[in-house]
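Visitor: I have a structure here, written as structure tokens, and I will follow up with some questions on it.
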Amino acid sequence: MAHAAGPTVDAKPLPKVDYGLATAKRANCMGCHKWHGGGGPGYGGAAISLRKTQLNREQIVEVIRCGRPGTNMPYFGRQAFKQKPCYEMTFEDFEGEEDNRPLKGKMSLNKRQMNAIADFVEAELQGRELTKAYCLKFFGKPARQCQKIE
């Protein structure tokens, strides 16, 4: 969607996308989805590729907020699973099913932060190939990983 990332100025993304990247780093999204967003083995198994995801923006925000119960994708919404805001379920629905209980993320994110991460995913990762420019942006300086990218 064009509104998610907005226009660019001198080929630089708007600060909202940069804020989304910074927030994703702080929340440790890259611990599983990797710096390149291509997914792979992580702390609790293989994470999906954010470059290949078919989720729409609203679904991306929902997964950030609610995680994926029964998987290692944690939730980041402070009110997730309280008063049925996630998948029409509460924590009580997981009693006796500890293996399926939603995992809590490293930190709680507010709506602005979750939206910024979704903007970042749409603008920089989803449906895009890995580029040297993205690599340099992610690391903020030349990095060994960037030398391997054409």
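The values are calculated or read from the model by the stated rules, or taken from the named source; none is laboratory data. Owing to the predicted nature of the structure, the values given are computational and were not obtained by experimental measurement. As a convention, Cβ positions derive from the backbone with ideal geometry for all residues, glycine included, and neighbour counts pool all protein chains shown. Surface areas here come from the heavy atoms of the whole protein model, side chains and all, with no ligands, DNA or RNA. Shrake-Rupley method; radii C 1.70, N 1.55, O 1.52, S 1.80 Å.
Visitor: Report relative contact order for segment 23-80 in percent, whole number only (criteria: Cα-Cα under 8 Å, sequence separation at least 6). Could you put the intermediate results ahead of the total?
Guide: Details: 60 pairs, mean separation 11.0, N = 58.
Taking the mean separation of contacting Cα pairs over the length of segment 23-80, I get 19 percent.
Visitor: Tell me, what % of the accessible area of segment 34-150 is carbon and sulfur with a 1.4 angstrom probe? Mind showing how you got there, number by number?
Guide: On the way: 3520 of 7130 Å².
The C+S portion of the solvent-accessible surface of segment 34-150 is 49 percent.
Visitor: Cα to Cα, under 27 Å, and not fewer than 8 places away if on the same chain: which lysines meet these conditions relative to residue 132?
Guide: Output for residue 132: 12, 16, 25, 34, 52, 141, 148.
Visitor: Within the chain, which cysteines find no other Cys whose Cβ is under 4.7 angstrom from their own?
Guide: 29, 32
Visitor: Compute the distance from the alpha-carbon center of segment 33-80 to that of segment 110-150, in whole Å.
Guide: Here the two parts' Cα centres lie 16 Å apart.
Visitor: Shifting gears a bit: For residue 109, which sequence-distant residues (separation of 5 or more, or a different chain) have an amide H within less than 5 Å of its own amide H, given hydrogens modelled in the peptide plane?
Guide: Excluding prolines and chain starts, which carry no amide H, the hits are 77, 78.
Visitor: At 1.4 Å probe size, put 119, 99, 18 in order of accessible surface, largest to smallest. All intermediate terms of the calculation are to be shown ahead of the outcome.
Guide: On the way: 119 0, 99 140, 18 65 Å².
Per-residue accessible area, sorted high to low, gives 99, 18, 119.
Visitor: Any idea what the dipole of segment 35-150 comes to, in debye rounded to 20, about its Cα centre with Lys/Arg Cβ at +1 and Asp/Glu Cβ at -1? Working shown, then result.
Guide: Working: 19 positive and 14 negative charges, 151 e Å.
About 720 debye.
Visitor: Something else now. Could you state the accessible area per residue of segment 18-150 in Å², with a 1.4 Å probe and every protein chain left in place? Write down the numbers at each step before the final one.
Guide: Working: 7680 Å² over 133 residues.
Computed with neighbouring chains in place, this is 58 Å² per residue.
Visitor: Which cross-chain or sequence-distant (5 or more) residues have an amide H under 5 Å from the amide H of residue 81, H modelled 1.01 Å from N in plane?
Guide: HN-HN under 5 Å from residue 81: 86.
Visitor: Next question, about the same structure. Run through every distinct alpha carbon pair of segment 86-150 and return the Kirkwood hydrodynamic radius in angstroms, one decimal place. Don't jump to the answer; show the numbers that get you there.
Guide: Details: mean 1/r = 0.0651 Å⁻¹.
So the Kirkwood estimate lands at 15.4 Å.
Visitor: Who wins for biggest fluctuation among 91, 76, 120 in a Gaussian network model of the chain, springs between alpha carbons below 10 Å?
Guide: Greatest mean-square fluctuation among the candidates belongs to 91.
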